[in-house]
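Peer 1: This is the structure I want to talk about, given as C-alpha cells.
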Amino acid sequence: MSSNERVFKMSFASVYPHYIAKAEKKGRTKAEVDEIIFWLTGYDAQGLQRIIEDKTDFRSFFDEAPQINPNVSLIKGVICGYRVEEIEDPLMQKIRYLDKLVDELAKGKKMEKILSK
C-alpha cells in the first residue's frame, strides 16, 4: 500500500483533533477550523458531525463533499515539503489544501485572508 493510500484510508475523525489542537495552540478556535472545512468542502456542521461519527475515511470525506470550493486552485504554497499547486494526485492535493489552510490559521493569518483565496 502506498503512503498515499494509507493517508486516504485514515479516518477524518482521527486527524480532525490534530487540526483543532494545532489551531488552539496558536490561540485560534475549533469554530475557525470548522469554517475552513465548510469553505473548502461545502459540508455544514451536521455533515461534519456525521463524517466524524461514522469515522469516514479521507477518500470518502472528499468524494462525498457537497461542493469543493471553486477557488481551491488559488491555494498556493508549501506544506510538508510539497508545493500544493504541484501535487499530482487530486485527492492528496485536496488533503494538502486542508493542511495548508489550517497551517495558515495557526500562523495567525486573518480568516478573511485565508478564505478569500
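Read the figures in this text as sums done on the coordinates, not as results from a lab. Model, not experiment: these values are computed from the prediction. Glycine also receives a Cβ, built like all others from the backbone with ideal geometry; neighbour counts cover every protein chain displayed.
Peer 1: Please arrange Thr56, Thr41 by how many other C-beta atoms lie within 10 Å of their C-beta, fewest to most.
Peer 2: Thr56, Thr41
Peer 1: Would you list the P(r) distribution for the chain, with all Cα-Cα distances sorted into 5 Å bins from 0 and each bin expressed as a whole %?
Peer 2: 2, 11, 23, 26, 23, 12, 2, 0
Peer 1: So if I average 1/r over every pair of distinct C-alpha atoms in the range 60-117 and take the inverse, what Kirkwood radius in Å does that give?
Peer 2: 11.9 Å is the Kirkwood radius here.
Peer 1: Once you have the Cα-Cα distance between Glu53 and Asn4, take 0.36 nm times their residue separation minus that, and quote the gain in nm to one decimal.
Peer 2: 15.3 nm
Peer 1: Same structure again: For the range 26-67, just say rounded, prolate or oblate: build the C-alpha gyration tensor, square-root its eigenvalues into a ≥ b ≥ c, call rounded for a/c under 1.5, and beyond that prolate if a/b exceeds b/c, oblate if not.
Peer 2: Prolate, because a/c is 1.5 or more and a/b exceeds b/c.
Peer 1: Students often forget the sequence filter, so: which lysines lie under 17 Å Cα-Cα from Lys25 once same-chain residues fewer than 8 apart are removed?
Peer 2: Here the lysines satisfying the reach criterion relative to Lys25 are Lys100, Lys107, Lys109, Lys110.
Peer 1: Per residue of the chain, what 222 nm ellipticity follows from adding -39500 (n - 2.57) for every DSSP H run with n ≥ 4, rounded to the nearest 500?
Peer 2: So the calculated ellipticity at 222 nm is -17500 deg cm²/dmol.
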